[in-house]
Amino acid sequence: MEASGGPHEVIEVSAEAETVAASLQYEGANVCRTAAISAMLGGDRVAVADVAEPLGELGFDPRLRTGLVAALDVDPFESLTDLWANPDEDGGARRIDLWLRLNDEGNSPVAIAFLVAVLGSPLERESAAAAAALWRQLAEVDRQRVWRYGPWPWYMSKSLERDWPWSYAGWISGEDLGEGDDLDDKPVIWDSERWTEFFRRVSRGRGGRSENLLVVDLLVRVRLSQALRSPDVITCSLARTIFSPPDGPDGATPTSTATGSRVGAVVSTMIHGTWAWKGDWWRPQPGNFHDFIRQNHRHNLYCGGARFSWSGKYRRSDRERAACDFYDWATSEVAPAGVQTVFAHSYGGEIAARAVNAGTPVEEIVFLSVPVTQPVRAAAQSGLRVVDIRLAFDPVLALARKRQRLGNTESAIEVILKQWRLDHSASHQPDTWLSEAVAGRGGI
């Protein structure tokens, strides 16, 4: 099949069941459907209900827009034996049938079966999204016990050795590679025919619960190991969500020691998100987002040599350390009168929020596709001026099982992009800001 579109393209969505079949036209919609199912399986009904409207546009039944409704009294991987399609069946028809059953029954076994069907897709982005969603479910299973099931069937080992010699690697564990950034291999170009043929061969090994787990786990590992090396930035961002740890208790919200913003704040700045230290959108360079904001909206956007940055690692401890570092930066000679506006993308928004909660003198935060964690909610509810810019539905946040709406906060101005996009970084693209009139809608 042809390659997917560019990272900043607008995608088409529909509620019609026929669009669930694999097609380039609706691949983006199926990525979002897959990510939404992952969020539902995560059990956070608030996170699902927050995006009920876009879920309706994707065709989810009203009952599913608050989470899976049926009692989870059946092991989804055991019942997969009866739900998993025969490798020779028409994939499109089978996906549509599973989609209709999911909307009718609303239970986890059908949801898992639908994800497995999408996993076998010849389209790069939607199969990678399904692999990331299934990884979340497999994380709840004792993988050591699964892989003690017994020797791989000969066709599995031969297929792996012949077609994907680099694919099953011990590092793809979510624990051993907590950074998600240590892949030195050359980019791997997507080969749809190779993948679907491998999927069909390995899928013949399904059977009882143990066999199903073994087969799904192997397929997911092979798929993710390639997706993490993909030159397509959307595919790579979807796969990297497997490294996002679940949110845990964050402890008490720090009490602000500031008496308010300093008078005459004259500096604004930007904070990048996870893995973005190597990027350039937040650096003072001609033609990028930093330049766009400085030229058009914040002439005081800092462009000196001692600009703030952080590790970009996917660990809360790194974000906590970065918040302390930002406090030091914002109270130093770089910003002697405090900070006017912080433009913060993804987990960079949590860093800004943590710093504000700890008393950093900031007048305004512009959140750019920020996961709604406890520190972010606390900052938004503190009376600080907040502009919250988001995708209509963010598949990266959904796959990572993070909330993506702030909810009712008096001081927050919500700007939801009207056109659907897959790119988690679309909120810091100059073209997006212009086409969506972001600055005017947010009062920036």
For the range 349-376, enumerate the residues that are of a type in the set (S, T, N, Q) and surrounded by fewer than 24 Cβ atoms within 10 Å (Cβ to Cβ). Asn357, Thr373, Gln374
Could you check the range 385-444 and list, in sequence order, the residues that are outside any loop (DSSP other than H, G, I, E, B), surrounded by fewer than 20 Cβ atoms within 10 Å (Cβ to Cβ) and in contact with a Lys or Arg (Cβ under 6 Å, 6 or more places away or on another chain)? Ile416
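Is it fair to say Arg354 is in contact (Cβ under 8 Å) with a residue 12 or more places away in the chain, under 25 Å from Arg403 (Cβ atoms), among the charged types (D, E, K, R) and not in a loop (DSSP other than H, G, I, E, B)? Spell out the reasoning first.
Values: in contact (Cβ under 8 Å) with a residue 12 or more places away in the chain: yes; under 25 Å from Arg403 (Cβ atoms): yes; among the charged types (D, E, K, R): yes; not in a loop (DSSP other than H, G, I, E, B): yes.
It is true that Arg354 is in contact (Cβ under 8 Å) with a residue 12 or more places away in the chain, under 25 Å from Arg403 (Cβ atoms), among the charged types (D, E, K, R) and not in a loop (DSSP other than H, G, I, E, B).
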Could you run through the range 20-57 and say how many residues are crowded, with 24+ Cβ neighbours inside 10 Å and outside any helix (DSSP H, G or I)? 1
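Residue by residue, here is whether (1) out of contact with any helix residue (DSSP H, G or I) (no Cβ under 7 Å at 6 or more places or on another chain); (2) modelled with pLDDT under 90; (3) within 21 Å of Ala239 (Cα to Cα) holds:
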position: Gly6; (1), (2), (3): yes, yes, yes
position: Glu27; (1), (2), (3): no, no, yes
position: Asp90; (1), (2), (3): yes, yes, no
position: Ala111; (1), (2), (3): no, no, yes
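Does Ile271 count as assigned by TED's automatic domain parsing to the domain that holds Ala400, modelled with pLDDT of 75 or more and under 19 Å from the mean Cα position of the chain (by Cα)? Break it down into steps so the answer makes sense when it comes.
Working: assigned by TED's automatic domain parsing to the domain that holds Ala400: yes; modelled with pLDDT of 75 or more: yes; under 19 Å from the mean Cα position of the chain (by Cα): yes.
The answer is yes for Ile271.
Matching residues to (1) over 27 Å from Lys313 (Cβ atoms); (2) aromatic (Phe, Trp, Tyr); (3) touching a residue at least 40 places away in the same chain (Cβ under 8 Å):
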{"position": "Ala344", "(1), (2), (3)": "no, no, yes"}
{"position": "Pro361", "(1), (2), (3)": "no, no, yes"}
{"position": "Thr373", "(1), (2), (3)": "no, no, yes"}
{"position": "Asn408", "(1), (2), (3)": "yes, no, no"}
{"position": "Ser411", "(1), (2), (3)": "yes, no, no"}
{"position": "Trp420", "(1), (2), (3)": "yes, yes, yes"}
Contact list please: Cβ distance under 7 Å, first residue in the range 281-296 and at negative phi, second residue in a loop (DSSP other than H, G, I, E, B) and among the basic types (Lys, Arg), pairs at least six apart or on different chains. His290/Arg283
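For every residue, the table says whether it meets (1) in contact with a helix residue (DSSP H, G or I) (Cβ under 7 Å, 6 or more places away or on another chain); (2) of a type outside the set (A, V, I, L, M, F, W, C); (3) over 23 Å from Arg385 (Cα atoms).
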| residue | (1), (2), (3) |
| --- | --- |
| Ala306 | no, no, yes |
| Thr331 | no, yes, no |
| His345 | yes, yes, no |
| Gly349 | yes, yes, no |
| Arg354 | yes, yes, no |
When you scan the range 305-325, do you find a residue that is modelled with pLDDT under 95, surrounded by fewer than 19 Cβ atoms within 10 Å (Cβ to Cβ) and over 29 Å from the mean Cα position of the chain (by Cα), even just one? yes
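The values are calculated or read from the model by the stated rules, or taken from the named source; none is laboratory data. For clarity, every value in this text was computed on a predicted model and none was experimentally measured. Note: ideal-geometry Cβ built from the backbone for every residue, glycine included; neighbour counts use all protein chains shown.
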